[in-house]
Amino acid sequence: MKQFVFRAQVALDVRRRRDEDAQRELAAAEMRRLAASDHLDHARATLQHGLAQASLAERRAGDVAARVWHRNWIVGQRLEVERRAAQVRQREREVEDAAQQARVAHRQRESLERLHDRGLSAWQDAARHAEQKAIDELAGMRFWRARAGGES
């Protein structure tokens, strides 16, 4: 019997590549989200440290220019925290989009793989049936030969 041929094999190969690409993109998006989250954490820590330093400077008598500088620096750090938080939100949206695309690509791949598996199973059933038929025919021929040989 000839080998099993899945006529949609090229499409299945394309869907497998798309699924793998989508999984890689999801992983990359997740890494970018984690990096953005780390940058946000760092900006928040820097702001907290700056606030502590400014509080110490406020308690000390001294340079008004240093106090103004700290206040301005803190305003800049707050803006940095807001910018980093916006980046995290953007990266989270990218992860959600990549996850959705990965789910779609995976479902498409699975649907063709199920079609392949059903076709292969049907082919294997037909091969077993043909093999059993050949075995039955051979057994029948042996039986009739034995019977014809026994009658002589």
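Values in this text are rule-based calculations from the coordinates and carry no lab data. Everything quoted here is computed from the prediction, not taken from an experiment. Backbone-built Cβ (ideal geometry, glycine too); neighbour counts: all protein chains shown.
Some points to look at:
- Charging the Cβ of each Asp and Glu at -1 and of each Lys and Arg at +1, and nothing else, the dipole of the chain about its Cα centre rounds to 180 debye.
- Relative to the longest principal axis of the Cα atoms of the chain, the long axis of helix 9-59 makes an angle of roughly 20 degrees.
- Among HIS39, HIS70, HIS129, the largest mean-square fluctuation in a Gaussian network model of the chain, built with springs joining Cα atoms closer than 10 Å, belongs to HIS129.
- Using a cutoff of 8 angstrom between alpha carbon atoms and counting only pairs six or more residues apart, the relative contact order for the chain works out to 40 percent.
- Here each label is just a point 7 Å from Cα along the line to Cβ, and for ALA35 and VAL68 those points are 3.9 nm apart.
- GNM result for the chain, Cα springs below 10 Å: residue of LEU120, LEU12, LEU138 fluctuating most strongly: LEU138
- The Cα center of the range 8-26 and the Cα center of the range 74-114 differ in position by 20 Å.
- Taking GLN77, GLN132, GLN23 in turn, the Gaussian network model of the chain (Cα-Cα springs below 10 Å) assigns the largest fluctuation to GLN132.
- Extension gain, PHE4-VAL75: 0.36 nm per intervening residue step, less the Cα-Cα distance, totals 18.6 nm.
- Dipole orientation for the chain: of the candidates GLN124, ALA11, HIS39, HIS39 has the Cα lying most toward the positive pole (charges on Cβ; Lys, Arg +1; Asp, Glu -1).
- Between 0 and 90°, nearest 10: helix 64-151 axis offset from the chain longest Cα axis: 10 degrees
- Residues of the chain were split at every exposed loop site, defined as trypsin sites (Lys or Arg not before Pro) in a DSSP loop with at most 11 other C-beta atoms within 10 angstrom, and the longest piece left, sites excluded, is 61-152.
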